[in-house]
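Worksheet: one structure, shown below.
Since every read-out is calculated from the coordinates, none of them should be taken as a lab result. As the structure is a prediction and not an experimental result, all values here were calculated from the model. A quick note on method: Cβ atoms are made from the backbone with ideal geometry, for glycine too, and the neighbour counts reach across all protein chains shown.
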């Protein structure tokens, strides 16, 4: 496997885990735009321990995850009091506070970041990713998952059914935080360096977009969303200049300053996002889609019978 | 015999406006009681007070001899107080079976119940059996948002039944149903009552009320104006006045001025 592919898959795995960590609160109706803050915590805990104390990886990874979980519990308590756009603003603020504190702290290297001595590659990252994905699928199939989706749909009725919306929110942020923290710790070891700028709000926005565009009705969403939005832009990096050259050639257009380079892939991504919001706001993967794929003939028969 | 559900001097004001004022009535174990009255009489507010959606302004709610006036809303279904809603409130993104399994939540306590998979569990079997018993088996894997209104109403009642309640609060179960569906619903509710579940029903369809509930309580402007046999309610002066206006219109005007 080439180094490029290896690195790409490692980053994809880390992003997939990150997406699942953001997905869990979203499944319980809590939009989380502070994901990068959780990842920064996990990453910095791992980096700091590895760089200053030579802590082995088998300890930095769980500790990074634990930091994310603790942050999740702590932030979920005040967040339970706010709704809608205020909730989103509060999570953005959380991410900003984390990076702000890192930048202001000389112990954490400030703006210079921390080099991480120990390396973790795809052979470690991939199993963790698979475990996270399977765990999230499992969670969705349990009564806890059912309660989370119920709180997402109608908090008041879920409460009257005996679901503690508060407990569900705390659990979803804690488990989500643990997963994002783990992804941060893996990132620190994989990239070999952490700096606050890597965990800015753009990252939070992107990962939440992966989750929402992938679809939040099933556990497939984050996986499909992240895979699409990491791999397609990556493929466009090479394809786009070639494609534009080809078009220019066939139409006999001069290739001048207006040459389409790979920075245009972000424009395409933006246009695609808008299109999704208009035509398929529920995301790529929906429950109906999964059912149709699982029973291609059964579902159609059922619809006719009804 | 002490009542299963007893409300005493129940009062609810929203900023000085008394929506429910000093209402008292009792519901015996396994009984069927209708709560009727013109729009805005405070019927649904009473349900919301019983479920703990709003805190009461004054008065108390006793359930099975226990004062539940201050009990948090999510605990009440666990003691046996389940309800349906005036505008159906099923979870749109959950399947029928999942919605019904949500009704079991109050009985499924502990980490093991929360963290074991639902597929193939006794919970799922029980939910599917219940749906089948009420003739809803063909719909169990469908998303509720795709289903007809009458079916969704039934599912909501099945969901409430899954909590194994001792009293079921039904908020206008027949609203929006055609006569045939209403007749079906009456049969369905009678079969539930036959299991020993007490029913407290808000309903405008007097045919259903007469057929289902031997007793009724009538509210008007938040006050109780009648409490007795359903058969006699249409002969009661105060009830007729509440629905049709006073017989003597001159009286009415002076009454309003005063």
Worksheet entry | Distance cut-off 19 Å, percentage of C-alpha pairs in the stretch B:138-232 lying past it | 46 percent
Worksheet item: For residue A:234 and residue B:247, what does the FRET efficiency come to when R0 = 56 Å and r is the distance between their Cβ atoms, rounded to the nearest 0.05?
Response: 0.10
Worksheet item: Across peptide A:132-143, how many C-beta atoms of other chains are within 10 Å of each residue C-beta, on average?
Response: 3
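Find the relative contact order for chain B and round it to a whole percent, using C-alpha pairs within less than 8 Å whose residues are 6+ positions apart. Each step should come with its number before you reach the end.
Values: 448 pairs, mean separation 67.9, N = 258.
Once divided by the residue count of chain B, the mean separation gives 26 percent.
For the stretch B:91-163, build the convex hull from the C-alpha positions and give me its volume per residue in Å³.
Details: hull volume 5.9 nm³, N = 73.
Roughly 80 Å³ of hull volume per residue.
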Fill in: 10 Å Cβ neighbours from other chains, averaged over peptide B:67-74
2
Worksheet item: Based on Cα positions only, what radius of gyration and what Dmax would you give for chain A, in angstroms?
Response: 20.9, 68
Discussion item. Using alpha carbons only, how many angstrom separate the centre of the stretch A:76-147 from the centre of the stretch B:117-151?
Written reply: 37 Å
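Set the Förster distance to 22 Å, then compute FRET efficiency between residue A:290 and residue B:125 from the Cβ-Cβ distance, nearest 0.05.
Details: r = 23 Å, r/R0 = 1.03.
The value I calculate is 0.45.
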Worksheet entry | Peptide B:79-89 - average C-beta neighbours from other chains (10 Å radius) | 1
Response to the item:
Given B:213-224, A:121-132, B:3-14, A:237-248, the highest-first ranking by average Cβ count within 10 Å works out to B:213-224, B:3-14, A:121-132, A:237-248
Item to complete: From zero up to wherever the largest Cα-Cα distance of the stretch B:21-119 sits, split into 5 Å bins and tell me the percent of pairs in each.
Response: 2, 9, 18, 20, 19, 14, 10, 5, 2, 0
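Could you work out [θ]222 nm for chain A from helices alone, using -39500 (n - 2.57) per DSSP H run of at least four and dividing by all its residues? Round to the nearest 500 deg cm²/dmol.
Details: 13 runs with 228 residues, N = 306.
Helix-only estimate at 222 nm: -25000 deg cm²/dmol.
Looking at the protein assembly as shown from every direction and averaging, what is the projected area of its Cα convex hull in nm²? Please list the in-between numbers first.
Details: hull surface 143.5 nm².
Across all orientations, the protein assembly as shown yields a mean hull projection of 35.9 nm².
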Fill in: Whole-Å distance, taken between Cα centres, linking the stretch A:233-252 and the stretch A:31-51
38 Å
